[in-house]
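Take a look at the structure below.
The values are calculated or read from the model by the stated rules, or taken from the named source; none is laboratory data. Note that this is a predicted model, so its numbers are computed, not measured. Don't worry about glycine lacking a Cβ; one is built from the backbone with ideal geometry, like all the others, and counts go over all protein chains shown.
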Amino acid sequence: MPLSDYAMWFIAGAILVVAEIFMPGMVIIWFGFGALMAGLAALIGAGTIIQIITFIIFSVVSLVVAQKYLKKKEKGGRKVGAERLIGKKGKVVVKIEPGEFGRISIEGEKWLAGADDVIPEGSWIIVEDLDGAHLIVKKVSDDKET
């Protein structure tokens, strides 16, 4: 006995949703969602053309909306590596001179750092930016840890 249209759509949708678990990134789940919606269309009696259009529309729209949402969320997401140190304070352990990197200690780690001004050893700094894997810092004016 052949499967009905809605059963095939639901099976395809379920396979795609489950397959997403084993895939990097979120890509095929949206097509699984589209297939499930096409299965609903078939269940209420829509013809083959309407089922296919439903699949395409729901797949594409959900993919586009999800990607926009994920990109927006990613911008405000958790920072890692040296990027997480921007705005943090630390202490110079090896003098920093313009055009040369010194070393700073921040959050218990040692980092190469550069600055536009001379910053002597023992001075407190704040991380302003990154230059590759090097931190760009500025001396804290009151020379106190705050």
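For the stretch 124-140, a tally of residues being out of contact with any Lys or Arg (no Cβ under 7 Å at 6 or more places or on another chain) and either outside the structural domain of Gly102 (by TED's automatic domain parsing) or in a strand (DSSP E or B) (or both) returns 9. Scanning the stretch 84-100 for residues that are of a type outside the set (A, V, I, L, M) and surrounded by 17 or more Cβ atoms within 10 Å (Cβ to Cβ) returns Lys89, Gly90.
Within the stretch 88-130, how many residues are on the phi > 0 side of the Ramachandran plot and at pLDDT 90 or above? Of the residues in the stretch 88-130, 1 are on the phi > 0 side of the Ramachandran plot and at pLDDT 90 or above.
Residue pairs whose Cβ atoms lie under 6 Å apart, sitting 6 or more positions apart in sequence or on different chains, and linking a residue in the stretch 81-105 that is in the same structural domain as Asp117 (by TED's automatic domain parsing) to a partner that is at pLDDT 90 or above and charged (D, E, K, R), are Val92/Glu121; Val93/Arg103; Val94/Arg103; Lys95/Glu121; Pro98/Asp116; Gly102/Lys95; Ser105/Lys91. Tell me yes or no: at least one residue of the stretch 66-76 is of a type in the set (A, V, I, L, M) and either in contact with a helix residue (DSSP H, G or I) (Cβ under 9 Å, 6 or more places away or on another chain) or modelled with pLDDT of 95 or more (or both). Checking the stretch 66-76: at least one residue is of a type in the set (A, V, I, L, M) and either in contact with a helix residue (DSSP H, G or I) (Cβ under 9 Å, 6 or more places away or on another chain) or modelled with pLDDT of 95 or more (or both). The strands (runs of 3 or more DSSP E) found entirely in the stretch 6-115 that carry 2 or more residues being under 30 Å from Ile126 (Cα atoms) and among the charged types (D, E, K, R) are 89-94, 109-114.
Which pairs have Cβ atoms under 9 Å, sit 6 or more apart or on different chains, and link a residue in the stretch 46-59 that is within 23 Å of Val27 (Cα to Cα) to one that is acidic (Asp, Glu)? Within 9 Å, the pairs are Gln51/Asp5.
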